[in-house]
Amino acid sequence: MRAARQPEEAVPEEDPLEYSGGVEEVDSAAAPALEMMAGDPVSSENVTVPVASSKKGVTVGGIAEFDRTVHNFGDILVTSGPQTCTFKVKNISDKPFSIYEVVSSCGCTEAVWTKTPVEPGASGSIKATFQNEDGPLPFDKTLTVYISSLSKPVVLRLRGNVSETKKSLKELYPVTVGSLSFKTMPLKAGNLEQGESRSDEIPVANTGSAPVSVRFTDVAPQLSLSVEPNPVPAGSTATLTFTVRSDRNLWGKNIYNASLNGSRISVEAFTKENFASWSDADRKAGSQPVFETSTADFGVVEAGTPVKVEFSFDNRGKSEFSCYKADCDTPGVTIAPVPSLAPGAKGSFAVTLDTSKLPKGEVTAYLILTTNSPLRPIVNLFVVGVIK
């Protein structure tokens with residue numbers, strides 16, 4: 001069967017954790033950070049994602065202070081039963097606010113919260129229960145919290161890993177880098193907007209028989225990392241915290257590297273433009289790329305045959321269109337420079353495929369354009385075909 005054509009406006013499943021609000025960390029000495037988002041880059045401006053959990057708490061909009069925004073239940077068993085945690089939220093403003101709704105991402109997680117108004121200086125709570133009925137799988141659930149004084153809801157996360165039987169540290173953390181073991185590598189910082197940062201904290205393990213002192217060197221300028229406790233005791237876990245800061249010289253998908261005790265550790269992040277401060281008038285006056293099709297089909301070719309396709313588009317906006325970066329993870333794919341277009345102008349760019357570097361059978365190359373368009377900051381394009 002041939003690969004199905006994709007519609008013009010096709011995008012990856014929307015990540016409910018897209019950040020669009022201002023966040024301030026209580027510890028002013030620490031770099032501002034935002035909670036990691038998983039998933040493909042998408043455009044959404046409907047929720048506020050605070051910084052990852054911090055021992056000193058995090059504030060949102062100068063209104064609410066959460067004791068943390070991520071709770072990791074760690075490694076649990078199918079037989080462990082429901083898992084419960086409680087998030088505390090303090091009113092740091094001068095007016096009462098109410099937690100008027102908490103929406104779970106799925107039926108397996110329930111929430112009970114303070115229903116009465118939270119007075120200035122007082123605290124409310126959000127008690128979350130993960131039913132642990134999904135079987136032996138990793139989980140990452142979200143709670144979307146609506147607070148009366150905030151214009152956008154806040155997203156909290158519940159994480160963990162459910163196993164059928166108890167596993168050793170080496171089984172739970174199979175990837176070893178610089179004397180520490182990880183569940184996966186590279187690490188994922190998710191989506192990042194210009195002018196902001198993203199951070200996350202993950203468990204790591206020392207599966208050896210002696211303590212490990214962790215030292216980071218050759219760290220990318222946009223990256224910071226720390227481990228606590230350090231040294232990491234033998235046969236024990238620790239928390240690794242990482243933060244990626246935006247850089248206007250870096251767009252789209254980027255990998256940020258560092259050396260952990262002499263071995264490379266990598267963090268991935270996807271950076272797009274930040275339109276949070278734009279007015280409705282600014283958005284309407286922005287660029288608007290419209291493509292003739294989002295899918296280019298090269299048909300059926302023999303392996304090794306050079307393939308070249310073109311994507312044509314026009315700018316129907318009121319400002320010049322620019323593409324900051326074009327990404328594609330498919331090997332053997334080369335994307336020609338995407339032209340800038342004045343309002344009303346038309347243009348095109350070529351995509352070439354070295355089919356000798358691709359597996360035989362149906363092929364779908366997924367292209368991501370990061371643009372200056374407030375209406376389409378991310379454009380998704382596809383090249384499909386069959387290699388014999």
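Values quoted throughout were computed directly from the atomic coordinates according to the rules given, and no laboratory measurement underlies them. Keep in mind it's a predicted model, so treat the numbers as computed, not measured. Note that each Cβ is placed from the backbone with ideal geometry, even for glycine, and that neighbours are counted across all protein chains shown.
Counting every other Cβ atom within 10 Å of each residue's Cβ, Asp67, Asp140, Asp200, Asp280 order from fewest to most as Asp280, Asp140, Asp67, Asp200.
Under 27 Å of direct C-alpha separation, and excluding same-chain neighbours fewer than eight residues apart, Lys95 reaches these lysines: Lys55, Lys56, Lys115, Lys127, Lys152. Based on alpha-carbon atoms, the Kirkwood radius and the radius of gyration of the stretch 167-277 give Rg/Rh equal to 1.03. Once the dipole of the chain is set up with Lys and Arg at +1 and Asp and Glu at -1 on Cβ about the Cα centre, which of Ser319, Phe97, Ser259 lies farthest towards its positive end? Farthest towards the positive end: Ser259. Each Lys and Arg Cβ is given +1 and each Asp and Glu Cβ -1; about its Cα centre, the chain then shows a dipole of about 480 debye. Only DSSP H runs of four or more residues enter the estimate; each adds -39500 (n - 2.57), and after division by the residues of the chain the mean residue ellipticity at 222 nm equals -500 deg cm²/dmol. The orientation-averaged projected area of the convex hull spanned by the Cα atoms of the chain comes to 21.9 nm². Seen from Ala258, the other residues with C-beta closer than 11 Å to its C-beta sum to a net charge of +1, counting Lys and Arg as +1 and Asp and Glu as -1. Each Cα pair under 8 Å and six or more residues apart adds its separation to the average, and for the chain the resulting relative contact order is 14 percent.
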